[in-house]
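Note sheet for the following structure.
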Amino acid sequence: MTESDTPLRVLVWGENRHEQLEEHVAALYPDGMHGAIAAGITEQAQVPVEVGTATLDDPEHGLTEEVLAATDVLTWWGHKAHREVSDEVVDRVQQHVLAGMGLVVLHSGHFSKIFKRLMGTTCSLRWRNDAERELVWTVAPDHPIAAGVPHPIVIDAQEMYGEFFDVPVPDETVFLSTFAGGEVFRSGLVYRRGRGKIFYFSPGDQEYPVYHHRDVRRVIANAVDWARPEVSQRTLPGLVRVGEQQDWSALTSTPEPVR
């Protein structure tokens, strides 16, 4: 896929449990957190986008093979029901990421099955929820995800995430957060897995209206654009035997489609 007038197809996945069970969360997010995230992407996107949503309680969590095949970038927010996500669906999402689909993981999605699977670590961290101010500092100002983002982003009240964050060393750290209590956290990290690009961004606890914050919305919109697929045909990287006459095209594409 190339950047053109063809809309970037984004699917916003949300657990959607806090919004159903907790009145104060429903008041903050009457259309669900997934609805607010989707609205923010539409509002702040610098490229044409088509944004849809899916939730945990949808059949197959809204992540069927057909849906994923028609998705360029998937965003993921979950918290209290990580264990309820089907392993079969996690396998399916992983295969699509390895084959080129982008993935943007938000806040407590760090502990989701799919993020832990792709990172290969516990993805654990330190936390405290005292409504502290968070400052999100840009440490890679030339990265596309940081375009148009103030330095720092000021979030008046947010859950504290702190180090040590047990993830692999990222390809690049785009943002670093500091909190009123003195902690620091690597809050914006980029990775590549197979042919897919992954961005983790930590601001966004359900207790606070963070996904209505203009600058947070800009980061997420930038991230889905950055994570767009770089290949026109979604295929898994394959094992290729190369002879003396090397066929370099065989190294960049395989006939085996993602399943």
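The values are calculated or read from the model by the stated rules, or taken from the named source; none is laboratory data. Everything quoted here is computed from the prediction, not taken from an experiment. Quick reminder, even Gly has a Cβ in these numbers, built from the backbone with ideal geometry, and neighbours come from all protein chains shown. All accessible areas refer to the heavy atoms of the entire protein, side chains included, with ligands and DNA or RNA removed. Shrake-Rupley method; radii C 1.70, N 1.55, O 1.52, S 1.80 Å.
When nucleic acids and ligands are ignored and a 1.4 Å probe is applied, ARG195 ends up with an accessible area of around 50 Å². A simple count of charges around PHE185, restricted to other residues whose Cβ falls under 11 Å of its Cβ and scoring Lys, Arg +1 and Asp, Glu -1, yields -2. Taking the DSSP beta bridges with both ends in the chain, the antiparallel portion is around 55 percent. Across region 103-117, rounded Karplus estimates of 3J(HN,Hα) from the backbone phi angles (6.51 cos²θ - 1.76 cosθ + 1.60, θ = phi - 60°) give 9, 10, 9, 10, 6, 6, x, 4, 9, 6, 4, 5, 5, 5, 4 Hz, Gly and Pro being marked x.
When the chymotrypsin sites (Phe, Trp or Tyr not before Pro) in region 78-174 are filtered for DSSP coil states and for at most 11 other beta-carbon atoms within 10 Å of their beta-carbon, the remaining sites are PHE164.
Largest first and in whole Å, give the semi-axes of region 103-159's equivalent ellipsoid, each being the square root of 5 times a Cα gyration tensor eigenvalue.
After scaling each eigenvalue by five and taking roots: 23, 19, 9 Å.
Under 5 Å between amide hydrogens, built in the peptide plane, is the criterion, and for ARG193 it picks out ILE198 among residues at least 5 positions away or on other chains.
Dipole magnitude for the chain: about 580 debye, using +1 per Lys or Arg Cβ and -1 per Asp or Glu Cβ, origin at the Cα centre.
Of the listed residues ASP91, ASP166, the order by accessible area with a 1.4 Å probe, largest first, is ASP91, ASP166. For the chain, the equivalent ellipsoid derived from the alpha-carbon gyration tensor has semi-axes of 30, 20, 18 Å in decreasing order. One Cα centroid belongs to region 109-127, the other to region 37-97; the line between them spans 17 Å. Taking the square roots of 5 times each eigenvalue of the Cα gyration tensor of region 29-156, largest first, gives ellipsoid semi-axes of 25, 19, 16 Å.
In this rough spin-label picture, where each label sits 7 Å from Cα along the Cβ direction, the THR64-TRP137 distance is 4.8 nm. Within the listed set GLY181, GLY109, GLY40, the residue fluctuating most in the Gaussian network model of the chain (springs between alpha-carbon atoms under 10 angstrom) is GLY181. Considering only VAL184, VAL224, VAL240, the Gaussian network model of the chain with Cα springs below 10 Å gives its largest mean-square fluctuation to VAL240.
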